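Values quoted throughout were computed directly from the atomic coordinates according to the rules given, and no laboratory measurement underlies them. Computed from a prediction, not measured in an experiment: that's the story for all the values here. Using ideal geometry, Cβ is built from the backbone for each residue, glycine included, and neighbour counts are taken over all protein chains shown.
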Amino acid sequence: MSIAPVPHVRLLGPVQVEYQGTPLPLGGPRQLALLAMLVWADARVLTVDEIIEGVWGDDAPPRARHSVRAYISRLRTALSPTGAEFTWAGGYALILPPGSTVDVREHRRLREAASAATETCVAAQLLREAESMHRGLALTGLPGPFAARQQIQWAERALAVREERLALDVACGRPGAAIAELLDLTAAHPVRESLHATFMRALAAAGRQAEAVDVYHRLTRRLADDYGLDPGAALREAYLGVLRAEAPGLAPVIPIRRRLAAAR
């Protein structure tokens, strides 16, 4: 018995719907922004006013409602081979056929599985799979307030997931592989204390305690000089761990789950 083909929707990068191995032609940026809103709504009806706000915001043209109807008509035609359906009941909803995949939903499933995992190395691998789903900035190149909000949220979520995976890699006994990534990340985020704490633990686990101490002192000087701030509790705890020459051991389950929950 053959398995019916289903669409695969990708939003973590340029918006794409692949069907039977081929990307479907989906129209221009605003039409794609509308499609992204409907997919994200997960079969919930969006009113025309919600769509206009998400696609245009305050820059909506006088004929925005007409444009929404035209976009829906074109998307219905483009997606008709997949079995996807558009419904109208005071607004629009997109119903994807059973078995369809959507990368943002799969990303969430992997994060939840990592949060529930009892083995540190298993959790790290699940987060690595989630990371692999990113093909660039979410909703790459799309206009409108909805896309802008999602881009900000998913950029932070991607960083949080990567940061947690690196902490798990260190706890899993792979500090060497994590150090190179953390070197780049701490340079890109020079006052993100949680990243520096993980970097310090990775260096200490690799036998590079002096470098870990230097990371701490450089960051605390920057926090004090540029922002008038003292280091937070997590950073101080990491520093004390380095001073005690403690191996990181297994990452604690509750903090991991809290950090992953915050990234949802």
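Using alpha carbons only, how many degrees (0 to 90, rounded to 10) separate the axis of helix 175-188 from the longest principal axis of the chain?
70 degrees
How far is the Cα center of region 16-50 from the Cα center of region 223-243, in Å?
Each part's Cα centre sits 45 Å from the other's.
What percent does the relative contact order of the chain come to when contacts are Cα pairs within less than 8 Å and at least six residues apart? Walk me through the numbers before you get to the answer.
Details: 370 pairs, mean separation 51.1, N = 264.
Averaging sequence separation for qualifying contacts and normalising by length gives 19 percent for the chain.
Would you calculate the volume per residue, in Å³, of the smallest convex hull containing every Cα atom of region 158-227?
69 Å³
Compare the Cα positions of A224, V68, A148 along the charge dipole of the chain (+1 at Cβ of Lys, Arg; -1 at Cβ of Asp, Glu; about the Cα centre) and return the one farthest towards the positive end.
My answer, from the dipole projection, is V68.
What size of dipole, in debye to the nearest 20, comes out for the chain about its Cα centre when the only charges are +1 on Lys and Arg C-beta atoms and -1 on Asp and Glu C-beta atoms?
With Lys and Arg at +1 and Asp and Glu at -1, about 380 debye.
Let a ≥ b ≥ c be the square roots of the eigenvalues of the Cα gyration tensor of region 30-82; is it rounded (a/c under 1.5), or, if not, prolate (a/b larger than b/c) or oblate? Mind showing how you got there, number by number?
Numbers: a/c = 2.20, a/b = 1.41, b/c = 1.56.
Since a/c reaches 1.5 but b/c is at least a/b, the shape of region 30-82 is classed as oblate.
Angle check, please: helix 103-116 long axis (alpha carbons) against the longest principal axis of the chain (alpha carbons), in degrees 0 to 90, nearest 10.
That works out to roughly 40 degrees.
Helix 193-205 versus the longest principal axis of the chain: what angle, 0 to 90°, nearest 10, using Cα atoms?
That works out to roughly 50 degrees.
Which order results if F146, F86 are arranged by neighbouring Cβ count within 10 Å, fewest first? Let's see the in-between values first.
Working: F146 23, F86 15.
Ascending Cβ contact count within 10 Å gives the list F86, F146.
Roughly how far apart, in whole Å, are the Cα centres of region 114-180 and region 54-70?
Computed from Cα coordinates, the inter-centre distance equals 34 Å.
Tabulate in residue order the Karplus-calculated ³J(HN,Hα) for region 155-172, using 6.51 cos²θ - 1.76 cosθ + 1.60 with θ = phi - 60°, rounded to whole Hz; enter x for Gly and Pro.
Per residue, the Karplus-derived 3J(HN,Hα) values read 5, 5, 5, 4, 5, 5, 5, 5, 4, 5, 4, 5, 4, 5, 4, 5, 5, 8 Hz.
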